[in-house]
Amino acid sequence: MPETVAQVAFSPQLHASVPSGIFKGPRLSGALHGQWSVAYAAISHVMSPQKAFDSSFNASGCLAQCHSVFYWAQYHSIPRWFLPLQYSPTVVQIMVGATYHGIMQLLAVTGFTWWFFNADLYAQRPQSSVEQSIDVVKGRWEWYSQSTEYSGPASQFPLNFDEVPGVPKCFSFSWMQQSAHKLHFRMFLTALICLALSYHSLLHSLLVLLIT
């Protein structure tokens, strides 16, 4: 891991506690622990109420953010298929995550992810771009350094935009929206290849039938 990435991942900026049963005590999270993710989780709770996240449950920020998937799943049909397994045991989640990742990658490569993407709904809702989100992180980082009067080597956000780990394109709705023409072309090309393979297979079967 590059040194600057390590600074971002483990710097005690904008700390938040997590369940002590996981890390044997409070742990300081990185500055990328987004408050807006918790807000999305609150919206998701309204959309899809969960007993484990009602007002009587003292949910941590990290755990509450897991519920935000119910908000983002409204834009794509594939993740909605996996939502019933959202709070399944960890072993099941690992297998489901690997399966989901593989399906989304295949759909992105072939372009057919566009069929499952609700582009109209996504375009109608106000969204924050990746660049805007990173600007928010930089602003919070700088504010924390000023508030703590820290002026060391990591007082400014140490990564450029291109160095910040991002969301894989197969999961990025912004990328899908911006790549509409590219995805349509990929769908056409994929369909053409499938038709050519089917035609070749049918022709081969006919030739074998005639010969025999």
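The values are calculated or read from the model by the stated rules, or taken from the named source; none is laboratory data. Here the structure is a predicted model, which is why all the values come from computation and not from measurement. Don't worry about glycine lacking a Cβ; one is built from the backbone with ideal geometry, like all the others, and counts go over all protein chains shown.
Within segment 93-103, at least one residue is more than 20 Å from K169 (Cα to Cα), modelled with pLDDT under 85 and over 14 Å from the mean Cα position of the chain (by Cα). Residues of segment 171-190 that are in contact with a Ser or Thr (Cβ under 9 Å, 6 or more places away or on another chain) and over 30 Å from S133 (Cβ atoms): L189, T190.
Restrict the check to segment 182-191 and report whether at least one residue is farther than 27 Å from Y40 by Cα and at pLDDT below 80. Within segment 182-191, not a single residue is farther than 27 Å from Y40 by Cα and at pLDDT below 80. As a summary of the residue check, Q124 satisfies the conditions (1) surrounded by fewer than 11 Cβ atoms within 10 Å (Cβ to Cβ); (2) touching a helix residue (DSSP H, G or I) at 6+ places or on another chain (Cβ under 7 Å); (3) within 21 Å of S44 (Cβ to Cβ) except for the one numbered (2). Has segment 122-135 got at least one residue that is assigned to a helix (DSSP H, G or I), under 24 Å from F188 (Cα atoms) and out of contact with any His (no Cβ under 8 Å at 6 or more places or on another chain)? Looking through segment 122-135, at least one residue is assigned to a helix (DSSP H, G or I), under 24 Å from F188 (Cα atoms) and out of contact with any His (no Cβ under 8 Å at 6 or more places or on another chain). Selection within segment 150-203: residues that are within 15 Å of the chain's Cα centre (by Cα) and among the hydroxyl-bearing types (S, T, Y). The member of this set that is nearest to L107 (Cα to Cα) is S172. Please determine, by comparing only the residues of segment 85-119 that are part of a helix (DSSP H, G or I) and polar (S, T, N, Q), which one is surrounded by the most Cβ atoms within 10 Å (Cβ to Cβ). The selected residue is T113.
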